[in-house]
Amino acid sequence: MTRSSPQPNPDDLDRAFSQYFRTQLPGRFPAAPIPTDTAPPPAPHGGPWRTRLTLAASVAAVLALGLAVSYGPGANRRITPDGGGFDPNAVVGDGKGLQKHLPDAPPMGMVP
Amino acid sequence: MPRKGRIRERFESLYSQYQREVWALAYARWMDADSAMDVTQETFLRLWKQLEAGETLDNPRAWVLRVARNLAEDYAKSAFRRNGTQAPELFGTVAATGVPPAEKMERDETFARVRELLDELPAADREILTLRYALEYDAPAIAEMLGLAVTAVHMRLSRARQRLADKLAAQGVKTSP
């Protein structure tokens, strides 16, 4: 655009407008704005009773696992008195192995 | 096809058909490309809700254009409140492209002047100019979209161009190729 002519050439005017609007128009529009689906997923086959059954089975499995850990073969593991960690020799099913780490028990009837 | 799939298909078809027209109307109102895009997205979000709610739209094109016009008004008012003192068109800038700096500077100056002049036109004239030059619609297409007579479009287009030419002449400016 230059300053001189009293009246712009109509073709120049058209060209200027075309160029101007072309720079403004987005070349690519974003994808259609479809909201993400917020509806809950459809119930699994079998209906609500099956969901409850699955939940109950899961709870039972967790409880069983907890009991197994508490009373299973590893349940008698003890930390050694010196704090040095697990003593594999101290793991004895009948508890006798603990005696070598424990002080002698006082005779029956005596108060320590 | 399930109902949701049919709605989606129809919605995407309407979006691809009318997104540019909606953008053009919103742009013509405030001459701000980003605001126009926001208005476009919001317009189609509302269309989606309409379709999802099972509303029947006899003329979806007229519906989206009317919503876009209303939203453009609301958008400008809310933007005006946020900005405090200036309407959004005063913040708009010409989109940058990969042209040499000297050319770009000259072009930006031309564009700034064109924009300044467009701002002074009535919004209805800007709509016609935007459709004519941004979407390259001819007079019958503009007339159909805006619900005007073709002669009225010719007249308003001619008048708008003449006004701009007069203003440019008054500033002693001519456009260069």
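Laboratory data are not the source of any read-out in this text; all were calculated from the coordinates shown. Since the structure is predicted, the reported quantities are computational estimates derived from the model, not experimental observations. In this analysis, Cβ positions are derived from the backbone assuming ideal geometry, glycine residues included, and neighbour counts consider all displayed protein chains.
Before moving on, here are some points about what is shown:
- Average partner coverage of A:25-31, which counts Cβ from other chains inside 10 Å: 6
- For B:Val150, A:Val69, B:Val114, the sequence from fewest to most other C-beta atoms within 10 Å is A:Val69, B:Val150, B:Val114.
- Across peptide B:19-26, the mean count of Cβ atoms from other chains lying within 10 Å of each residue's own Cβ comes to 2.
- Neighbour counts of C-beta atoms inside 10 Å place B:Met155, B:Met31 in the sequence B:Met155, B:Met31, starting with the fewest.
- Cα-based shape type of region B:107-177, given that a ≥ b ≥ c are square roots of the gyration tensor eigenvalues and the cut on a/c is 1.5: prolate
- Loop-resident GluC sites (Glu not before Pro) (DSSP state other than H, G, I, E or B) in region B:110-177 with no more than 11 further Cβ atoms inside 10 Å of their Cβ are absent.
- Amide H contacts under 5 Å for B:Tyr137, placed H, 5+ residues apart: B:Arg132
- Counting, for every residue in B:32-41, the Cβ atoms of other protein chains within 10 Å of its Cβ and taking the mean gives 2.
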